[in-house]
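Single-structure report; data block below.
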Amino acid sequence: MCQKYSRNMIILWLVALGTALCVASDEFRSLIHEGDLKISDDEYTKYIIPSGYPPHKFQKQPKLFLEDFINQDNEYYKVLSRHVEAGHTMKGLTFNIYDDNMREATIALFRLLQYSEEDKIDSIKEWASQTINSDMFNYALILTSLFRVDVLKELEPPFITKPYYFVNSETIRKAFKLKVNNGKFNPQEAQVQQFYRTNDLISINTNYSSWNLWNNECRDNLDYFREDIGLNSYYFGVHILYPFWMNNDELTGIDSNYAEKYYFIHQQLIARYNLEKEHLKYLNVSDQSKCYDDFTPHLSYENGLSFPTRTNIRREWSEDYGRIKSIDIAIKECITRGLIFMDNGTKIYLNEDNYVDLLAKLIRANFEGTQTAKILRSLFGYGGDGYPSDRYNPAPSVLHHPQTSLRDPIYWYLIQSLLKYFEEFSKTLEPYNFSKYQSDEYNIIDNTFTKITTYYEFYQFNIGNIFNSDNYDLRSSSLTYAARQKRLKHTPISFSFTIDAKSNKTSLIKLFLGPRCHALNCFDEFSRFFELDSFTYELDEGLNIVRWSPEYTGKFSFDDLFNLELKSVRKNKYCLFRFPENMIIPRGLEQGLNLTLFILVTPIDENSDFEYLSNPLGFPFHRKALVNNFFDFNNYKFFNITIYHKENSKHANGYFSSHLN
């Protein structure tokens, strides 16, 4: 009787307990604590988590409120709070700096970080990490790091922090599939889909966009250049240095020479782009082929949507197209008249010394104004009739992100179109007299160049940030997932010059790389010369040996540290704001590509506080020059150099696009 009664009581208790487990957890807690039964957190957890899955403890972060450490009368606090309440900063939204609401919120967060007291920075960062869209927060952090050193400990390359903008969608898809399977895969599937595992590293062979398509109208095969992860990361750095939304007064306060530098950066990008096309001439491929008509990015967003495919740009008249055309006409009118009317009615005449600065500011004010910048990216980013620029789009085009703009050939066309304004005005000027820079103080009497060979380097970079999630199981793993690409690289470079100086003198030395030309006509190709370096050097009386290598100059960025393919110990020489070193030499040819190396040595008048700094950026190839006599002066020389290219042998770990083999 007693045993039967006990069994019935146990059954009733288990039924009651089972019923209790189906109610809300807080109600269950209150129920079991009403009587003598006590249960610890660990014991409680084991009841509500199915067996076989060990419980993980998460320490809840206290909810932060911005008003607890920011004055509510602060204008940036008011702007940011308004956008937070409106939902414009929500996590999961696709960030687009050209979206008005997102831009205003991001700028407000940047200003709070920029101007807040040092003891408030960590609180703002922690609040933003909990509350603000991660891309908006990262943008504000990187920008703030230019103004203060206490907001960001280290700056990783954008291709590490945001792989979605640099890696084809099929690679992202494969990585997630492998992640779900905990790195396990079928060998046959791996061979077909091009991935493999080495210890705890899973490598996914990654081609460039349109590798599986063939456009008979476009055969330049320059995707490896336009889509290089280092080059596109650098262009994001350019955007951060010169944000389109920052007004002229603030930019001038940061750097009075910002407009000329902004122009020079883009002029050099085009010069380098044109040098990359040089090898095509020997392959009977026209660099004027129809590569601008259609573009398929092969990228996808975190929300699953693909980057829009751009169709052929229509020239049909519209209000937006009319606005762009009216700006074009107005700028050309300023160039024709040689003067600019300011908003207050003041007239400023364009001349030899100021036209680059003034035109750069004029173009930025008109084409990079927030409304016009959105229209341009809508018209050229989507093609066809464009996309409404005043509506949030969860899948913006590649032109809406500085990290992806250079991928599309149409963007290079837009840069060239803007540079034509400078070219048109420079044609109205007399060629500048180069003879005053010819000097008999120096004589370049000898040179030694290493053999330069380009090749495609296997480069693996960690794409683990695509798995960023609050899900512990998704984030935790001993495996590293990497995209494996072929990137343009060159053998180590060293140039050595013997210079005979008549006296001890601080000198300016400039090095340029340009197309094949002869001394008599090289200055006619001035816009096609890419500046390798410009530096001062203490020359002693007599013979001096000047050696130059990109590794010993501070002008370039090296991203070798992030290449998982390399096993050697490397120093971190990466800089977001410097041109990538692997891209300074254009692709050569197996039989050799003939190019021109230029060196100039000029004295510096030390009493005038380095007068050379007043020379235009890109001097002496900043515009057309008049050279009366090439042969009586020896302080500058044009050298014929040859760039070779080594074809990659078939690699055991898979294949890549045909034009990269």
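The values are calculated or read from the model by the stated rules, or taken from the named source; none is laboratory data. What you are looking at is a predicted structure, and each value in this text was computed from that prediction instead of being measured. Neighbour counts are summed over all protein chains in view; Cβ atoms, including those assigned to glycine, are modelled from backbone coordinates with ideal geometry. Heavy atoms of the whole protein, side chains included, go into the accessibility calculation; ligands, DNA and RNA do not. Shrake-Rupley method; radii C 1.70, N 1.55, O 1.52, S 1.80 Å.
If you average the C-alpha positions of the range 313-390 and of the range 231-253 separately, how far apart do those two centres end up, in angstrom?
When both Cα centres are located, 18 Å separates them.
For residue 334, what accessible area in Å² do you get when you roll a 1.4 Å probe over the heavy atoms of the protein chains, rounding to the nearest 10?
For residue 334, solvent-accessible area is about 30 Å².
Given a Förster radius of 22 Å and the C-beta distance between residue 319 and residue 392 as r, what FRET efficiency does 1/(1 + (r/R0)^6) yield to the nearest 0.05?
Efficiency at R0 = 22 Å is approximately 0.60.
Inverting the mean 1/r over all pairs of different Cα atoms, compute the Kirkwood radius of the range 97-194 and quote it in Å.
Values: mean 1/r = 0.0621 Å⁻¹.
By the Kirkwood definition, the hydrodynamic radius is 16.1 Å.
How many nm separate the modelled label positions at residue 246 and residue 148, each set 7 Å beyond the Cα in the direction of the Cβ?
Here the answer is 1.6 nm between the modelled labels.
Residues with amide H under 5 Å of residue 307's amide H, sequence separation 5 or more or different chain, H placed in the peptide plane at 1.01 Å from N; which?
It is 299, 300, 301, by chain and number.
What is the set of long-range amide H partners of residue 575 at a cut-off below 5 Å, with H atoms built 1.01 Å from backbone N?
Here the answer is 558, since their amide H atoms fall under 5 Å of that of residue 575.
Taking the Cα centre of the range 150-295 as the origin, how large is its charge dipole in debye, to the nearest 20, when only Lys and Arg (+1) and Asp and Glu (-1) carry charge on their Cβ atoms? Show your work: numbers first, answer last.
On the way: 15 positive and 20 negative charges, 152 e Å.
Charge dipole of the range 150-295: 720 debye, to the nearest 20.
Could you tell me the calculated FRET efficiency between residue 448 and residue 519, based on Cβ-Cβ distance and R0 = 25 angstrom, to the nearest 0.05?
Working from the Cβ atoms, E equals 0.80.
Estimate the FRET efficiency between residue 86 and residue 199 by the formula 1/(1 + (r/R0)^6), using the beta-carbon distance for r and 41 Å for R0, to the nearest 0.05.
0.25
Could you tell me how far the Cα centroid of the range 177-209 sits from the Cα centroid of the range 69-118, in Å?
Computed from Cα coordinates, the inter-centre distance equals 40 Å.
When a/c reaches 1.5 or more, the comparison of a/b and b/c decides; with that in mind, is the range 144-279 rounded, prolate or oblate per its Cα gyration tensor?
oblate
Near residue 455, within a Cβ-to-Cβ distance under 12 Å, what is the net charge of the other residues, with Lys and Arg +1 and Asp and Glu -1? Mind showing how you got there, number by number?
Details: positive: 486, 487, 489, 587, 646; negative: 457, 590, 647.
Around residue 455, the surrounding residues sum to +2.
Amide H to amide H, which residues 5 or more places from residue 641 or on other chains are under 5 Å from it, using H placed in the peptide plane?
595, 596, 597
How much length is gained if the chain between residue 182 and residue 553 is pulled fully straight, taking 0.36 nm per residue apart and subtracting their Cα-Cα distance, in nm to one decimal?
Additional length available on full extension: 129.2 nm.
With a bin width of 5 angstrom, please list the P(r) values of the range 258-383 as percents of all Cα-Cα pairs, from the 0 bin to the one holding the largest distance.
Taking all Cα pairs of the range 258-383, the binned fractions are 2, 8, 12, 14, 17, 17, 14, 9, 5, 2, 0 percent.
Using θ = phi - 60° and the Karplus form 6.51 cos²θ - 1.76 cosθ + 1.60, what ³J(HN,Hα) does each residue of the range 586-591 get, whole Hz, x for Gly and Pro?
x, 4, x, 10, 4, 8
Students often check this: by mean Cβ neighbours within 10 Å, which of 534-544, 131-141 ranks highest, and how do the rest follow?
131-141, 534-544
How much of residue 244 can a 1.4 Å solvent probe reach, expressed as accessible area in Å² and rounded to 10?
Here the accessible area works out near 20 Å².
Karplus couplings for the range 92-105 from phi (6.51 cos²θ - 1.76 cosθ + 1.60, θ = phi - 60°), rounded to Hz, Gly and Pro as x?
3J(HN,Hα) across the range 92-105, in whole Hz: x, 6, 7, 6, 8, 5, 8, 7, 4, 5, 5, 5, 4, 5.
For a protection proxy built on the mean count of beta-carbon atoms within 10 angstrom, sort 63-75, 84-96, 428-440, 342-354 highest first, please. Could you put the intermediate results ahead of the total?
On the way: 63-75: 12.3, 84-96: 15.8, 428-440: 14.2, 342-354: 10.5.
Packing proxy ranking, top to bottom: 84-96, 428-440, 63-75, 342-354.
Quick check: from the Cα gyration tensor, does the range 154-214 come out rounded (a/c under 1.5), prolate or oblate?
Here the range 154-214 falls in the oblate category.
By accessible area of protein heavy atoms, probe 1.4 Å, what ranking do 478, 494, 209 get, highest first?
Ranked from most to least accessible, the order is 478, 494, 209.
Taking a 1.4 Å probe, which of 118, 250 shows the most accessible area, and what order do the others take after it?
Descending order: 118, 250.
Points 7 angstrom from Cα along the Cβ direction at residue 65 and residue 615: gap in nanometres?
Calculated label separation equals 6.2 nm.
Taking 0.36 nm per residue of sequence separation and subtracting the Cα-Cα distance, how much length would be gained by fully extending the chain between residue 370 and residue 430, in nm to one decimal? Could the numbers behind the result be given before it?
Details: separation 60, 0.36 × 60 = 21.60 nm, distance 3.60 nm.
Taking residue 370 through residue 430 to full extension adds about 18.0 nm, to one decimal.
About the Cα centre of the range 57-160, how large is the charge dipole given +1 on each Lys and Arg Cβ and -1 on each Asp and Glu Cβ? Please answer in debye to the nearest 20.
Roughly 340 debye, rounded to the nearest 20.
At 1.4 Å probe size, with no ligands or nucleic acids counted, give the accessible surface of residue 79 in Å², nearest ten.
40 Å²
Karplus couplings for the range 544-561 from phi (6.51 cos²θ - 1.76 cosθ + 1.60, θ = phi - 60°), rounded to Hz, Gly and Pro as x?
10, 9, 9, 10, 10, 8, x, 6, 10, 10, x, 8, 10, 10, 10, 10, 4, 4
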